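What follows is a short report on a single structure.
Computed from the coordinates by the stated procedures, all read-outs in this text should not be read as laboratory data. Predicted model only: the values in this text are computed from it and were never measured. Here the Cβ positions follow ideal geometry from the backbone for every residue, glycine too, while neighbour counts run over all protein chains shown.
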Amino acid sequence: MKEFVVVGAQMAVRPNEPSFNMAKGADWIRRAVEEQGAGLVVFPEDATTGFNPALKVEDIWDLVDAIPGRMTEPIQEAARKHRAHVVWTTYERGENRRIVYNSAVMIDSSGEVLGVYRKTHPFPTERIGGGGWVTPGNKAVVCETSLGRIGMIICYDGDFPELSRVLAVNGAEIIVRPSALLRPFDLWHLTNAARAYDNHVYMVAVNAVGTDAAGTNYFGHSMIVTPVGNRLAQGRGVEEMVFASLNPDPLKFISYGTDSPQIFDHLEDRNLAVYGDILKKARSPFEPSMRVPY
């Protein structure tokens, strides 16, 4: 990767008004480039509508579009105009009106779509099998860009170490995590820092602020974490830009502000013989208050 500035666009959206939100997003791209020199701009989860549209899945399907399409074209144009890479987020039309994906779109600085990631771990009540509206994706996505190799996850995905590990094994240097997360800040920070440190990648975690159509309020606190687990940037609970310059050689020292050398590599040092049981179904030995039936 090369050195560049990444901006987390912690932007509140107007529920279920994609045209308004795309115009606002395009202006935030302009501001991120003009004010911070952004090479990459990352938005929170479902920036076209807000996380919970409070609609039937068929109505969400009608509201949004395939990718590329109406939900990405204004953002593609802004990326091209301002010469910035953008991770934009939207619900995506599937193959029929019962299939909607929760997607993140990697757009390059010429406005081209390089890749689309469909959330593989929808939250239990978001997942269509649990009474929600999202069909899970089934592919991990790493995009080769002129900035570096960028992997994408979305919100609850960050609770699953295996997914970020797959991205790192497949060459990701940066993982972006658009989110509309409601769990405590401690868990938000812990999972972001752990996924960065586990895999020696930058984690750019951008959380929603404002209120969605279901009346849910989001707390923001977007952050950028280094491959040794240090926070470079930390947002608050308001609309704002969170930004940092990413060093292309970040693993030489065990912590920022020290000269103690780093001599280990979590990917290289894995003992692969131990992991034979990793792909079998399991449950926690402790019961949650309820299990959502799928």
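Worth pointing out:
- Exposure proxy order (Cβ contacts within 10 Å, fewest to most) of PHE286, PHE123: PHE286, PHE123
- Cleavage-rule hits, GluC sites (Glu not before Pro), segment 3-64, DSSP coil, Cβ neighbours within 10 Å at most 15: GLU3
- Residues whose amide H falls under 5 Å from that of GLU240, counting only those 5 or more places apart or on a different chain, are GLN10, with hydrogens built in the peptide plane.
- Mean Cα-pair separation over length for segment 124-268, i.e. relative contact order, pairs under 8 Å, 6 or more apart, %: 15 percent
- Of the trypsin sites (Lys or Arg not before Pro) found in segment 226-294, the ones in coil according to DSSP and having at most 15 other Cβ atoms within 10 Å of their Cβ are ARG236, LYS252, ARG270, LYS280, LYS281, ARG283, ARG291.
- Ranked THR211, THR258, criterion: other C-beta atoms within 10 Å, fewest first: THR258, THR211
- Look at the alpha carbon pairs under 8 Å that are at least 6 residues apart: their mean separation over the length of segment 14-114 gives a relative contact order of 30 percent.
- Residue order, fewest to most beta carbons within 10 Å, for ASP212, ASP277, ASP59, ASP265: ASP277, ASP265, ASP59, ASP212
- Note on ASN217 and LYS281: the model spin-label points, each 7 Å out from Cα along the C-beta direction, lie 4.0 nm apart.
- Local electrostatic count, ILE263, Cβ distance below 12 Å [Lys/Arg +1, Asp/Glu -1]: -2
- Taking other residues whose beta carbon is less than 14 angstrom from the beta carbon of ALA23, and scoring Lys, Arg as +1 and Asp, Glu as -1, yields +2.
- Pairs beyond 27 Å (Cα-Cα), from LYS2/LYS24; LYS56/LYS139; LYS24/LYS81; LYS119/LYS252; LYS56/LYS281; LYS119/LYS280: LYS2/LYS24; LYS119/LYS252; LYS56/LYS281
- Separation of segment 1-62 and segment 227-252, taken as the distance between their Cα centroids, equals 19 angstrom.
- Considering only alpha-carbon pairs that sit under 8 angstrom and 6 or more positions apart, the relative contact order computed for the chain is 18 percent.
- For segment 1-38, applying the loop criterion from DSSP together with a ceiling of 13 other beta carbons within 10 Å to the trypsin sites (Lys or Arg not before Pro) yields LYS2.
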